[in-house]
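This is the structure, below, for whatever I ask next.
Bear in mind these aren't lab numbers, they're just calculated from the coordinates by the rules spelled out. Predicted model, so just to flag it, every value in this text is computed and none were measured. Glycine gets a Cβ as well: all are built from the backbone with ideal geometry, and neighbour counts include every protein chain shown.
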Amino acid sequence: MTISTNDIRRSFLDYFGSNGHRIVPSAPLVPQNDPTLMFVNAGMVPFKNVFTGLETRPYSTATSSQKCVRAGGKHNDLDNVGYTARHHTFFEMLGNFSFGDYFKEQAITHAWTLLTKEWGLPADKLTATVFHTDDQAFDLWKKIAGLPDHRIIRIPTKDNFWAMGADGPCGPCSEIFYDHGDHIPGGPPGSPDEDGDRFVEIWNLVFMQHVQEADAIVGDLPRPSIDTGMGLERVAAVLQGVHDNYDTDTFKALIAASGALTHTATDGANQASHRVIADHLRCAGFLVADGVLPANEGRGYVLRRIMRRAMRHAHILGAKEPLMHRLVPALVTEMGAAYPELLRAQPLIEATLQQEETRFRQTLDKGLRLLDDATTGMTSGDVLAGETAFKLYDTYGFPYDLTEDALRVQGFRVDRAGFDAAMTEQKRAARAAWKGSGAKASDELWFDLAEEVGATEFTGYASDTGQGVVLALVKDGARVTSATAGEQVDVIVNQTPFYGESGGQVGDAGTIASEAGLAAEVSDTSKQLGKLWVHHARLTAGEIKVGDTVTLAIDVARRAAIRANHSATHLLHEALRQRLGTHVAQKGSLVAPERLRFDVSHPNAMSAEELAVAEAAVNAQIRRNGAVETRLMTPDDAIQMGAMALFGEKYGDEVRVVSMGSEDDGKTYSIELCGGTHVTALGDIGVFKIVGESAVSSGVRRVEALTGEAARAYLNARDEKLREAAATLKTAPDDVPARVAALVEERRRLERELAEARKALALGGGGAGGAAAPGPETVAGVAFAAQVLDGFDAKGLRGAVDDSKARIGSGVAMLVAVNDGRASVAVGVTDDLVGRFNAVDLLKRAVAALGGQGGGGRPDMAQGGGPDGTKASAAVDAVRAGLEEVAASA
Ligand code: SER
């Protein structure tokens with residue numbers, strides 16, 4: 001019984017764990033602390049800042065099994081994978097680390113104990129190397145392992161001086177080699193035939209002591225430290241008694257799955273294809289699980305190259321349908337227990353592989369035919385024209401290295417310079433076309449920059465913070481090379497977790513800082529030309545320069561609120577469609593931290609009931625707490641699967657599709673094309689509250705809503721108001737509506753009674769102001785009853801004049817009511833006097849005196865008013881004078 005790869009990993013971690021090391025889970029493949037690295041490519045990378053003392057952790061020794069990718073970037077093993085025994089794009093590095101704790105002696109003791117005691121490897125199969133000047137390590141190997149002098153080999157090259165990169169911690173190292181036996185060609189390290197396969201390096205012990213910059217040692221680490229790295233796949237081969245990593249249990253299982261699904265033998269001519277598929281399956285699976293998705297730039301393009309390279313090999317094996325996604329279950333079976341992220345991401349990995357393969361198969365056949373035609377007549381060693389490789393890249397989606405790989409077996413090469421020239425020419429033509437299209441002058445700067453520094457890589461779907469290299473600075477619309485405290489500057493970096501405003505979602509805010517003392521506040525982030533992220537920053541301390549490495553950290557609480565509002569917007573969209581009908585389409589949206597605003601096409605105002613139903617549906621989805629899933633696909637596929645797309649929106653050949661929520665029958669609740677950031681699970685939204693519904697323009701309604709803390713605060717504030725009202729009303733909050741209704745009713749009744757009382761008072765001897773009503777006077781021989789009443793309801797004026805007429809029996813009655821500075825007036829003439837006096841004529845005099853116009857009625861009763869209530873008694877005088885005038889002229 002040989003030990004399985006999973007057991008080897010476990011036993012390594014257990015050994016160091018039981019020897020006082022903290023077992024640290026693998027960091028994600030996308031480096032969190034090094035902007036110049038594409039992927040984590042060694043076990044020590046996540047600990048880089050712990051070695052240099054920049055970061056402290058609550059432990060001084062650690063052990064891990066770190067996921068590593070060596071494809072793209074400086075360490076690139078991609079080309080060899082499939083054709084050798086030990087190359088991988090993805091591998092696991094087992095390591096033990098001492099951050100200023102133990103040093104050489106204990107590192108060598110641990111390594112020797114684990115290899116020979118725990119794992120029982122024969123000592124005579126092991127050889128060590130040391131840096132040529134490292135006598136100490138030489139002596140320790142002798143003392144601890146008892147190795148004879150000829151098996152402790154001094155190496156004078158940089159093979160035994162390990163450095164993370166041009167910058168970073170470094171030190172001499174000691175490597176342990178396993179001798180696979182004299183039946184395999186090759187010599188010990190340092191010998192002329194060391195490149196043979198007989199002696200295989202299995203473990204590298206680095207004695208970290210120095211720090212280098214630009215490849216030169218510039219100082220020492222705070223304390224001597226240890227970084228060791230052992231390729232799990234290699235040591236598994238040794239412990240399982242095989243010579244080839246691809247013959248270990250994990251790879252055998254993956255290769256068997258690929259053989260079974262393609263009904264092909266796994267050896268012979270097919271061997272390389274199966275190996276490529278197995279290796280690339282692991283790499284693609286883990287990259288997707290760590291948040292990388294296929295793209296045409298950056299990390300996403302490395303993933304795409306790896307996926308497509310495997311897919312061509314699936315094609316070679318005769319696969320008629322997409323194959324890779326069907327291998328994911330085998331990958332999860334082999335590695336899911338050690339890496340739960342694989343299990344969690346399994347649906348996404350499968351969907352991503354399937355989409356990519358479906359899409360690539362549309363052009364793969366045609367591209368291969370073109371390649372066949374182009375290579376007809378070529379013989380081994382001949383070179384394919386760069387233009388052909390470019391056409392394959394540009395039209396048929398063949399990454400450059402895929403074309404190289406496809407030509408490898410025949411011994412053809414590709415003209416790289418020609419390929420690059422064709423690429424440059426295409427960019428030049430694109431620029432000319434762009435300029436000719438009447439683009440804005442202000443865009444020119446961004447276009448220049450995008451071309452010069454390339455697209456910004458957005459890392460913010462998976463991370464809230466990360467490092468970036470400053471590629472350009474823009475101040476007041478012009479490029480600058482540095483800025484200092486107090487200045488406002490636009491910062492462009494190679495990669496950022498900041499979301500650039502787009503699709504209704506506002507840009508992120510946060511901070512930019514550097515070890516050199518830079519501190520900057522980012523108020524907003526915009527996205528220029530769809531690919532250049534621009535951080536609008538104000539420096540509060542230090543300096544920023546092009547070329548600096550900076551740490552970018554988004555305002556996490558603000559983004560969490562934005563995420564909640566964005567996911568809630570998708571749920572609201574679906575809820576409105578379900579309640580109002582499918583004519584509801586998105587017309588605009590604003591996703592901000594404090595609220596969301598969603599405009600939809602709908603002909604009339606939404607009723608309270610409609611809004612309540614939609615709000616309840618959204619909250620039901622929140623409580624169901626389903627996961628939010630994101631996939632990449634072609635727009636056509638996305639729309640076919642029911643994704644809601646925006647009319648008139650231009651989509652690239654690839655779109656993100658965000659799905660969330662579930663119906664009772666299990667169907668996905670909402671599927672939308674969206675590049676925004678979302679919650680992981682809908683429960684993160686907390687609560688959803690609609691706070692407004694209004695018209696935007698004809699046929700477009702706006703719904704405003706709150707989520708999470710903002711919604712809670714809003715509901716709380718409302719509750720507080722209710723409590724205040726209840727206190728004032730001296731009742732319980734629950735009884736407020738009934739109490740208010742009763743009060744309103746009571747007020748109405750009181751108003752009625754008050755009006756009655758005033759009228760009675762006015763006419764029955766007491767004026768509204770308390771003044772007694774005067775009896776009628778006699779003017780021109782007739783009774784004239786006139787009165788001015790403050791605050792008397794004008795509606796009762798005619799009735800009151802009628803009453804007055806009745807009281808005097810024969811005569812002229814007049815009432816002026818003053819309300820809010822204005823006056824209303826009514827004049828009545830008893831029937832017996834209608835022949836002599838005309839109420840309308842008399843009224844006109846009064847109205848004129850009040851600064852008004854018009855007024856009218858009948859000869860026995862007329863009513864009008866004027867703006868100047870202070871002239872009320874002048875109006876009475878005017879009518880009196882009118883009576884006298886008429887009498888005199890009769
Ligand atoms: N950093 C060293 C390596 O990658 C040992 O872990 O080989």
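Residues of the range 683-715 with amide nitrogen under 17 Å from the 7 Å Cα-to-Cβ point of Ser662?
683-684
OK, next. Which cross-chain or sequence-distant (5 or more) residues have an amide H under 5 Å from the amide H of Gln495, H modelled 1.01 Å from N in plane?
Correct list: Glu457, Val469.
Still on this structure: Within 10 Å of each candidate Cβ there may be at most 11 other Cβ atoms; applying that plus a DSSP loop requirement, which trypsin sites (Lys or Arg not before Pro) in the range 382-467 survive?
In loop regions of the range 382-467 (DSSP not H, G, I, E or B), the sparsely surrounded trypsin sites (Lys or Arg not before Pro) are Lys440.
Could I ask something else about it? Determine which lysines satisfy two conditions relative to Lys48: a Cα distance under 24 Å, and not lying fewer than 8 residues away in the same chain.
Partners found: Lys67, Lys74, Lys104, Lys158, Lys545.
Given the C-alpha centroids of the range 457-533 and the range 224-255, what is the distance between them in whole angstrom?
Between the Cα centre of the range 457-533 and that of the range 224-255, the gap is 42 Å.
On full extension of the chain, what length is gained from Arg413 through Arg623, given 0.36 nm per residue of separation minus the C-alpha to C-alpha distance? List each step's numbers first, then the result.
Working: separation 210, 0.36 × 210 = 75.60 nm, distance 5.85 nm.
Net length gain for the segment: 69.7 nm.
Please work out the C-alpha center-to-center distance from the range 277-343 to the range 181-201 and express it in whole Å.
33
Still on this model: Can you give the log10 of the normalised intensity I(q)/I(0) at q = 0.09 Å⁻¹, computed with Debye over equal Cα scatterers of the chain?
Ignoring solvent entirely, the Cα scatterers give -1.04.
How large is the helix-only mean residue ellipticity at 222 nm for the chain, computed as the sum of -39500 (n - 2.57) over DSSP H runs with n ≥ 4, divided by its residue count, in deg cm²/dmol to the nearest 500?
Details: 22 runs with 330 residues, N = 890.
Dividing the helical sum by the residues of the chain leaves -12000 deg cm²/dmol.
Right, another one. Taking θ = phi - 60°, what integer Hz values does the Karplus form 6.51 cos²θ - 1.76 cosθ + 1.60 yield along the range 464-481, in sequence order, with x for Gly and Pro?
3J(HN,Hα) across the range 464-481, in whole Hz: 9, 9, x, 9, x, 9, 6, 9, 7, 10, 10, 10, 6, x, 10, 6, 10, 9.
Distance check, please: which entries in Lys527/Lys721; Lys795/Lys871; Lys805/Lys844 exceed 30 angstrom between their Cα atoms?
Lys527/Lys721
Among rounded, prolate and oblate, which fits the range 345-447 when a ≥ b ≥ c are the square roots of the eigenvalues of its C-alpha gyration tensor, a/c under 1.5 means rounded, and a/b larger than b/c means prolate? Present the calculation step by step, with values, prior to reporting the outcome.
Numbers: a/c = 2.69, a/b = 1.28, b/c = 2.10.
Because a/c hits 1.5 or more and a/b fails to exceed b/c, the range 345-447 counts as oblate.
Classify the range 33-78 from the C-alpha gyration tensor, please: rounded if a/c falls under 1.5, else prolate or oblate depending on whether a/b exceeds b/c. Intermediate results must be reported in sequence, preceding the final value.
Details: a/c = 3.87, a/b = 1.86, b/c = 2.09.
In terms of gyration-tensor shape, oblate.
Extension gain Ala725-Arg154, at 0.36 nm per residue separation less the Cα-Cα distance, in nm?
196.8 nm
Can I ask one more? Run down the aspartates and glutamates and flag those whose C-alpha is under 13 Å from the C-alpha of Lys531, throwing out any fewer than 8 positions away in its chain.
Straight-distance partners of Lys531: Glu297, Asp443, Asp448, Glu451, Glu452, Glu457, Glu501.
Specify the longest stretch of the chain that does not include any exposed loop site, a site being one of the chymotrypsin sites (Phe, Trp or Tyr not before Pro) with a non-H, G, I, E, B DSSP assignment and at most 16 other Cβ atoms within 10 Å.
Longest site-free region, per DSSP loop and neighbour criteria: 120-460.
Say R0 is 25 Å: what FRET efficiency, to the nearest 0.05, do Ala713 and Ala485 get from their beta-carbon distance?
0.10
Using DSSP to call loops (not H, G, I, E or B), can you name the GluC sites (Glu not before Pro) in the range 546-610 whose Cβ has at most 14 other Cβ atoms within 10 angstrom?
Glu594
May I ask you to derive the FRET efficiency for Glu387 and Asp7 from their Cβ-Cβ distance with R0 = 51 Å, giving the value to the nearest 0.05?
0.45
Tell me which lysines have Cα within less than 21 Å of Lys125's Cα, excluding those fewer than 8 residues away on the same chain?
The qualifying lysines are Lys117, Lys142, Lys143.
Please report the antiparallel percentage of DSSP beta bridges with both residues in the chain, rounded to the nearest 5. Present the calculation step by step, with values, prior to reporting the outcome.
On the way: 126 of 147 bridges.
Just about 85 percent of them are antiparallel.
Also, I was wondering about something else. Give me the extension gain from Lys252 to Ala732: residue separation times 0.36 nm, minus the current Cα-Cα distance, reported in nm with one decimal.
Value of the extension gain: 165.4 nm.
So, in the range 315-446, how many Lys pairs have Cα atoms under 20 Å apart, if the pair is 8 or more places apart or on different chains? Write down the numbers at each step before the final one.
Details: Lys320/Lys366; Lys366/Lys391; Lys391/Lys427; Lys427/Lys435; Lys427/Lys440.
Summing the qualifying lysine pairs gives 5.
Quick check: pseudo-label points 7 Å beyond the Cα along Cα→Cβ at Met641 and Lys795, how many nm apart are they?
Using points 7 Å along Cα→Cβ, the separation is 6.5 nm.
For the range 594-618 and the range 806-882, what is the separation of their Cα centres, given in Å?
Centre-to-centre (Cα) distance: 55 Å.
Moving on. So how do 465-477, 701-713 stack up, highest first, on mean other-Cβ count within 10 Å?
Output ranking for 465-477, 701-713: 701-713, 465-477.
Cut-off is 10 Å between beta-carbons; in what order do His315, His573 appear when sorted fewest neighbours first?
His315, His573
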